[in-house]
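Peer 1: Please read through the structure below; I'll follow up with questions.
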Amino acid sequence: MSRRIRRSGRLSFSGWVAMLILTALCALILLPIVFTFLYSFFPKGEIESYLSQRGSYDAEKWLDVLYSPAVFSLRQYYKIFIEDPTYLRLFCNSAMYAGAILLGQGIIVPLTAYALSRFTFRGRDLIFFCILVLMILPFQVTMAPSVMMLRWMGLMDSVWAVILPMCFSPFYIFLLRQFMVSLPSELLEAGMVDGVGAVRGYIHVILPVCKPIIGAAAALSFADCWNMVEQPLVYLANRPNLRPLSVMFNQISTEGADVAFAGSALYILPTLLIYLYFQEDIVAGIQLSELK
Amino acid sequence: MFHRKKIVWLLLLPGLAGLIAFYVAPLIGGVYFSLMDGTFANNFVGLANYERVSQNPMFQLGLKNTWELSLLCAPAIWLLAFVLAAMLKMLKQRSVPFRNVLLLPYLMPTSAMLLIWTLMFDYGGVINRLVVQLGYERVLWLEEAALRVPIVLMYIWKNVGFSVVLFASALEAVHPSLYEYASLEGAGWWRQAFRITLPQILPTAFLVFVLAWVNAFKIFKEAYFIGGDYPTPQIYTLQHFMNNKFAKLEYQDVTAAAYLFAIGVMVLFALMYMSKAVRSPNT
């Protein structure tokens with residue numbers, strides 16, 4: 001997908017200056033993530049006393065920047081995995097939501113995008129326009145009406161209130177539609193001559209071609225689900241035990257300071273792995289979100 | 001391309017049904033709901049709910065802060081993304097790893113980054129060390145109005161990469177022969193920047209700004225994690241107002257507030273749609 005223009009690889013002087021600035025900036029951007037992982041290996045006593053120094057108004061005192069632990073400790077990870085199931089249960093909640101939403105989107109989103117991009121029918125442009133409007137509307141606007149609906153359906157305070165609306169997320173329909181529109185029309189026409197119908201064309205022609213963009217959408221959507229706050233906060237107002245880690249993490253990290261950083265690191269890890277695997281696809285996917 | 005095939009409605013059915021059930025129908029039904037008084041008799045009250053909500057000082061505060069915070073974030077992200085994308089272009093094919101690192105925070109969950117962020121902005125933290133190094137007094141970043149700084153910075157840290165990617169691809173799409181021709185004609189760097197680069201990427205620049213603006217309404221996440229349900233007035237957003245009204249079961253107010261906010265968002269949408277019109281002569 002990248003339309004990079006390959007010219008001579010030599011950099012000008014200003015190119016080297018830009019490289020220097022960008023290197024420094026990238027290091028700065030990575031620092032919070034690196035330090036979260038580093039602090040996750042600090043033993044309980046050290047990290048607790050460190051965190052307890054926060055919030056002092058003493059103008060004489062500074063909070064030291066710690067670079068290496070006195071003892072390299074894995075005890076807090078042991079606590080998370082074995083001793084105290086609180087964190088792990090919330091982590092599983094998060095994974096359950098992400099899994100269910102991705103599964104739902106995987107069925108709905110490509111199919112709808114296919115219908116909106118490879119067919120001509122009356123009302124298509126109107127439907128696409130509505131999807132654009134819905135995509136732009138912030139959660140603050142859609143929240144109140146959809147709570148009414150979910151209440152009427154009897155889904156409030158159940159996991160379905162969080163999962164079902166997200167399965168029809170307009171943004172991902174838009175994203176995949178943008179990709180499918182750009183596919184050459186010969187792709188399906190060759191098959192049509194041989195009598196391949198709409199359904200087989202979808203399964204055997206369109207889906208395989210769309211693999212990279214589906215990967216990108218899945219990665220972006222996973223990051224979205226992993227970080228969702230507003231939806232569970234409102235839709236699960238009376239069911240704290242059903243909430244995902246994204247909402248509850250703040251609370252458990254203030255209760256147990258020793259596992260706070262280990263919890264953060266563990267929480268970041270899935271998105272980090274997904275990012276490492278899909279980074280090029282994600283970039284290509286974001287480039288598609290330009291309205292063309 | 002399939003023409004007028006009936007099967008398309010079958011393919012559309014699940015997606016359309018969901019979109020209508022969870023998005024379109026509630027939005028339309030909500031209008032009716034917002035015009036009722038919500039009692040057992042459910043009387044028609046016209047715009048009374050809208051009047052009451054728009055006079056609510058907390059609603060006014062939330063609305064004002066939501067717009068203000070988004071207007072702090074969007075221009076900052078826009079400008080920073082443009083500068084970074086321009087620098088990436090200078091690096092030519094070596095820019096890929098840098099661009100990818102800039103995008104990494106976009107996928108990081110907000111709540112996991114909160115702890116390290118509050119440590120950085122602590123009264124004795126690294127940010128204040130920097131402030132003192134530069135010759136200023138220490139600042140209480142995590143209180144009152146100063147709290148906006150860590151929140152906005154965290155938002156920028158997380159979201160700037162998205163805009164960089166859009167800008168970078170627009171800059172790459174500018175045909176190199178345009179520059180070569182301009183150099184031959186004797187146009188300098190500034191002339192090239194203002195006469196070639198700027199007009200070529202103007203539609204994208206416009207879109208990036210509007211997208212950054214609309215997305216910045218999501219800054220509630222950062223504000224909620226640092227400030228909780230009832231934060232200091234300077235970071236009390238519309239979402240806080242709505243969540244608290246929900247907790248008090250005052251649904252009519254929440255719905256009316258949502259539609260009042262939607263009016264402003266729709267203006268933004270019109271702007272974005274205009275950017276499509278700006279673009280079409282080019283493509």
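Peer 1: Quick check: anything in the stretch B:188-208 in a loop (DSSP other than H, G, I, E, B) and either of a type in the set (S, T, N, Q) or surrounded by fewer than 16 Cβ atoms within 10 Å (Cβ to Cβ) (or both)?
Peer 2: The answer is yes, given that some residue of the stretch B:188-208 is in a loop (DSSP other than H, G, I, E, B) and either of a type in the set (S, T, N, Q) or surrounded by fewer than 16 Cβ atoms within 10 Å (Cβ to Cβ) (or both).
Peer 1: If you scan the stretch A:12-32, which residues turn out to be more than 7 Å from chain B (Cβ to nearest Cβ) and not hydroxyl-bearing (Ser, Thr, Tyr)?
Peer 2: Of everything in the stretch A:12-32, those that are more than 7 Å from chain B (Cβ to nearest Cβ) and not hydroxyl-bearing (Ser, Thr, Tyr) turn out to be A:13, A:16, A:17, A:20, A:24, A:25, A:27, A:28, A:31.
Peer 1: When you scan the stretch A:235-243, do you find a residue that is in contact with a Phe, Trp or Tyr (Cβ under 9 Å, 6 or more places away or on another chain), under 24 Å from residue A:286 (Cα atoms) and outside the structural domain of residue A:52 (by TED's automatic domain parsing), even just one?
Peer 2: no
Peer 1: Given the stretch B:57-157, what helices (runs of 4 or more DSSP H) lie entirely inside it while holding 2 or more residues that are of a type in the set (Ser, Thr, Tyr)?
Peer 2: Answer list for the stretch B:57-157: B:57-90, B:110-120.
Peer 1: Something else now. Do we find a residue being of a type in the set (Val, Ile, Thr), at the interface with chain B (Cβ under 10 Å from one of its Cβ atoms), under 21 Å from residue A:103 (Cα atoms) and buried (at least 22 other Cβ atoms within 10 Å of the Cβ) anywhere in the stretch A:157-172?
Peer 2: No, because not a single residue in the stretch A:157-172 is of a type in the set (Val, Ile, Thr), at the interface with chain B (Cβ under 10 Å from one of its Cβ atoms), under 21 Å from residue A:103 (Cα atoms) and buried (at least 22 other Cβ atoms within 10 Å of the Cβ).
Peer 1: When only residues in the stretch B:25-49 that are more than 7 Å from chain A (Cβ to nearest Cβ) and assigned to a helix (DSSP H, G or I) count, which is nearest to residue A:160 (Cα to Cα)?
Peer 2: The qualifying residue nearest to residue A:160 (Cα to Cα) is B:28.
Peer 1: Right, another one. Which one of B:241, B:246 is without any contact (Cβ under 8 Å) to a residue 24 or more places away in the chain, crowded, with 18+ Cβ neighbours inside 10 Å and not small (Gly, Ala, Ser)?
Peer 2: B:246
Peer 1: Then there is this: For residue A:185, indicate whether it is of a type in the set (Ser, Thr, Tyr), without any contact (Cβ under 8 Å) to a residue 12 or more places away in the chain and either more than 20 Å from residue A:87 (Cα to Cα) or in contact with a helix residue (DSSP H, G or I) (Cβ under 9 Å, 6 or more places away or on another chain) (or both).
Peer 2: Spelling it out, residue A:185 is indeed of a type in the set (Ser, Thr, Tyr), without any contact (Cβ under 8 Å) to a residue 12 or more places away in the chain and either more than 20 Å from residue A:87 (Cα to Cα) or in contact with a helix residue (DSSP H, G or I) (Cβ under 9 Å, 6 or more places away or on another chain) (or both).
Peer 1: Right, next: Report the residue count in the stretch A:228-246 for those that are surrounded by fewer than 23 Cβ atoms within 10 Å (Cβ to Cβ) and either at the interface with chain B (Cβ under 8 Å from one of its Cβ atoms) or under 10 Å from residue B:112 (Cβ atoms) (or both).
Peer 2: Residues that pass the stated criteria total 3.
Peer 1: Search the stretch A:134-148 for residues being over 18 Å from residue B:253 (Cβ atoms) and touching a Pro at 6+ places or on another chain (Cβ under 8 Å), and hand back the single one that is nearest to the other protein chains (Cβ to nearest Cβ).
Peer 2: Filtering the stretch A:134-148 for residues that are over 18 Å from residue B:253 (Cβ atoms) and touching a Pro at 6+ places or on another chain (Cβ under 8 Å), the one nearest to the other protein chains (Cβ to nearest Cβ) comes out as A:134.
Peer 1: How many residues, within the stretch B:212-244, are part of a helix (DSSP H, G or I) and either under 14 Å from residue B:64 (Cβ atoms) or among the charged types (D, E, K, R) (or both)?
Peer 2: 13
Peer 1: Give A:20, A:30 a once-over and let me know the one that is more than 27 Å from residue B:111 (Cα to Cα), of a type in the set (A, V, I, L, M) and modelled with pLDDT of 90 or more.
Peer 2: Just a single option satisfies the conditions, and that option is A:20.
Peer 1: Out of A:176, A:134, report the one residue that is touching a residue at least 60 places away in the same chain (Cβ under 8 Å), in the same structural domain as residue A:242 (by TED's automatic domain parsing), surrounded by 15 or more Cβ atoms within 10 Å (Cβ to Cβ) and aliphatic (A, V, I, L, M).
Peer 2: The conditions single out A:176.
Peer 1: Mind checking which residues of the stretch A:201-238 are among the charged types (D, E, K, R) and within 12 Å of the chain's Cα centre (by Cα)?
Peer 2: A:224
Peer 1: Next question, about the same structure. Given the criterion assigned to a loop (DSSP other than H, G, I, E, B), of a type outside the set (S, T, N, Q) and closer than 18 Å to residue A:255 by Cβ, identify the matching residue among A:89, A:54.
Peer 2: Of the residues listed, the single one that is assigned to a loop (DSSP other than H, G, I, E, B), of a type outside the set (S, T, N, Q) and closer than 18 Å to residue A:255 by Cβ is A:54.
Peer 1: Of these, A:37, A:128, A:42, which one is among the aromatic types (Phe, Trp, Tyr), in a helix (DSSP H, G or I) and within 23 Å of residue B:117 (Cα to Cα)?
Peer 2: A:37
The values are calculated or read from the model by the stated rules, or taken from the named source; none is laboratory data. Just so we're clear, the structure is a prediction, and the values are computed from it rather than from any experiment. Ideal geometry is used to build each Cβ from the backbone, glycine not excepted, and the neighbour counts take in all protein chains shown.
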